[in-house]
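The numbers here are math on the coordinates, done by the rules we state, and not lab data. Owing to the predicted nature of the structure, the values given are computational and were not obtained by experimental measurement. Positions of Cβ are backbone-derived with ideal geometry, glycine not excepted, and every protein chain shown enters the neighbour counts.
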Amino acid sequence: MNYLAHLHLATLADSSLLGNLMADYVRGNPRNDWPDAVAEGILLHRRIDAMTDALPEVRAAKAFFRDETRRVSPITLDVIWDHFLSLHWDRLHPDRSLSEFLTLAEDEITPQLPGTPERFQQLNRYLWRERWMEKYADPAWLERVLNGMASSRPRLAALAPSYYDFTDNYQTFSHFFWQLYPRMMELALQKAL
């Protein structure tokens with residue numbers, strides 16, 4: 001799961017949005033450095049990542065990546081899940097528009113940014129202003145996202161061509177999304193993540 005899915009699942013689980021969004025920027029035991037609610041959000045994010053990576057649908061989805069991109073398929077899949085969530089937001093969360101949801105998330109997270117990791121603060125400067133998570137609904141936006149990540153770190157260069165695995169297998173990935181994401185939503189609502 002990527003930014004949007006983590007925020008959505010955190011909301012359903014009544015968990016800290018800051019902690020869930022910031023988790024990839026925090027190392028070690030978050031209880032040592034963060035307030036309890038934020039630390040719990042970081043830990044929830046980590047549990048969701050571990051649970052998602054172990055799902056049979058995710059393991060099956062990895063088989064649809066070419067040999068040269070399979071190594072980075074977990075990262076690409078995280079972005080793909082956010083694409084389908086953004087695209088089908090109104091169906092999955094009919095009581096609040098995606099734009100409204102993201103405005104509320106931004107309003108909650110932004111005042112808490114001082115004291116967070118600098119790289120996380122940099123992310124937030126673009127994430128909200130450029131409305132990244134709304135743009136995830138456009139498959140072409142994913143090409144830009146994956147190319148950006150590929151160019152930022154040489155070891156992630158295979159992310160750029162992984163976009164074609166996504167477009168070549170679009171309906172298959174959509175099917176996997178509908179198998180796994182509603183189940184994750186239900187677990188979040190039950191506080192079972």
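Data table
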{"item": "The lone exception for Phe101 - which of (1) surrounded by fewer than 13 Cβ atoms within 10 Å (Cβ to Cβ); (2) aromatic (Phe, Trp, Tyr); (3) in contact with a His (Cβ under 9 Å, 6 or more places away or on another chain) it fails", "result": "(1)"}
{"item": "Hits in the stretch 110-137 - residues which are under 16 Å from the mean Cα position of the chain (by Cα), among the hydrophobic types (A, V, I, L, M, F, W, C) and within 27 Å of Pro35 (Cα to Cα)", "result": "Phe120, Leu123, Leu127, Trp128, Met133"}
{"item": "Residue in the stretch 78-87 that is free of Cβ contacts under 8 Å to residues at least 40 places away in the same chain, under 13 Å from the mean Cα position of the chain (by Cα) and over 19 Å from Glu186 (Cβ atoms) present", "result": "no"}
{"item": "Filter result for the condition that a residue is within 28 Å of Leu43 (Cβ to Cβ) and of a type in the set (S, T, N, Q), over Asn124, Asn169", "result": "Asn124"}
{"item": "Selection from the stretch 162-189 of residues that are buried (at least 17 other Cβ atoms within 10 Å of the Cβ) and not hydrophobic (A, V, I, L, M, F, W, C)", "result": "Ser162, Tyr163, Asp165, Asn169, Tyr181"}
{"item": "Top-ranked residue in the stretch 109-149 [being in contact with a Phe, Trp or Tyr (Cβ under 8 Å, 6 or more places away or on another chain) and of a type in the set (Lys, Arg); ranked as surrounded by the most Cβ atoms within 10 Å (Cβ to Cβ)]", "result": "Lys135"}
{"item": "Check on Ala192, of a type in the set (Gly, Ala, Ser) and surrounded by 14 or more Cβ atoms within 10 Å (Cβ to Cβ)", "result": "no"}
{"item": "Residue pairs meeting the criteria (Cβ under 7 Å; at least 6 apart or on separate chains; first touching a residue at least 60 places away in the same chain (Cβ under 8 Å) and crowded, with 19+ Cβ neighbours inside 10 Å, in the stretch 37-64; second not in a helix (DSSP H, G or I) and not hydroxyl-bearing (Ser, Thr, Tyr))", "result": "Leu44/Ala13; Leu44/Leu193; Ile48/Met1; Ile48/Leu193; Thr52/Met1"}
{"item": "Subset of the stretch 11-20 that is surrounded by fewer than 24 Cβ atoms within 10 Å (Cβ to Cβ) and among the hydrophobic types (A, V, I, L, M, F, W, C) - its residue that is nearest to the chain's Cα centre (by Cα)", "result": "Leu17"}
